[in-house]
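Enquirer: Below is one structure. I have some questions about it.
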Amino acid sequence: QVHLVESGGGLVQPGGSLRLSCAASGSISSIFVMAWYRQAPGKQRELVAGINTIDITNYADSVKGRFTISRDNAKNTGYLQMNNLKPEDTAVYYCYIRTATRDYWGQGTQVTVAS
């Protein structure tokens, strides 16, 4: 059994920063991909950022230059540094990992950007 525990969400003013963390625990083989998705009310879940085993990253156009994804393989932990946050970044953020056997999702953490 694999568990993903997200943390770091909250309420922040426009222009502010947050850092999300995703800690994976349990029987994990290799984590091929770690990613963050988000889902705003009334919208579909969308990919925000992803990182693979050789640290190649990709980002949604809407967050390029503001968000940075990283991972600590020794700790099976991923991070999403979010800077210059905008109200349109408000959503539930989900951690996702792809392993050799299956995919896993975290429970989600709320990020609210409002003044």
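Enquirer: For segment 40-64, which positions are surrounded by 10 or more Cβ atoms within 10 Å (Cβ to Cβ), at pLDDT 95 or above and not in a strand (DSSP E or B)?
Expert: Ala40, Arg45, Ala60, Ser62, Val63, Lys64
Enquirer: Name the residue that is modelled with the lowest pLDDT, counting only residues in segment 28-39 that are farther than 14 Å from Gln107 by Cβ and outside any loop (DSSP other than H, G, I, E, B).
Expert: Result: Ile31.
Enquirer: Against the condition open to solvent by 40 Å² or more (accessible area, probe 1.4 Å) and either touching a Gly at 6+ places or on another chain (Cβ under 6 Å) or modelled with pLDDT of 95 or more (or both), how does Leu4 come out, does it pass?
Expert: Against the criterion (open to solvent by 40 Å² or more (accessible area, probe 1.4 Å) and either touching a Gly at 6+ places or on another chain (Cβ under 6 Å) or modelled with pLDDT of 95 or more (or both)), Leu4 does not qualify.
Enquirer: Inspect all residues belonging to segment 72-84 and state whether any of them is hydrophobic (A, V, I, L, M, F, W, C), open to solvent by less than 40 Å² (accessible area, probe 1.4 Å) and in contact (Cβ under 8 Å) with a residue 60 or more places away in the chain. Please lay out each step first, then the result.
Expert: Filtering segment 72-84 for residues hydrophobic (A, V, I, L, M, F, W, C) gives 74, 80, 82.
Among the residues that remain, those that are also open to solvent by less than 40 Å² (accessible area, probe 1.4 Å) are: 80, 82.
Next cut, in contact (Cβ under 8 Å) with a residue 60 or more places away in the chain only: 80, 82.
Yes: one or more hits.
Enquirer: In segment 18-27, is there at least one residue being open to solvent by 70 Å² or more (accessible area, probe 1.4 Å) and part of a strand (DSSP E or B)?
Expert: Yes.
Enquirer: Any residue at all in segment 87-95 that is under 19 Å from Val113 (Cα atoms), open to solvent by 70 Å² or more (accessible area, probe 1.4 Å) and of a type in the set (Asp, Glu)?
Expert: Looking through segment 87-95, at least one residue is under 19 Å from Val113 (Cα atoms), open to solvent by 70 Å² or more (accessible area, probe 1.4 Å) and of a type in the set (Asp, Glu).
The values are calculated or read from the model by the stated rules, or taken from the named source; none is laboratory data. These numbers come from a predicted model, not from an experiment. When we count neighbours, we look across all protein chains shown, and the Cβ atoms used for this are built from the backbone with ideal geometry, even at glycine. Surface accessibility is based on the protein's heavy atoms, side chains included, excluding ligands, DNA and RNA. Shrake-Rupley method; radii C 1.70, N 1.55, O 1.52, S 1.80 Å.
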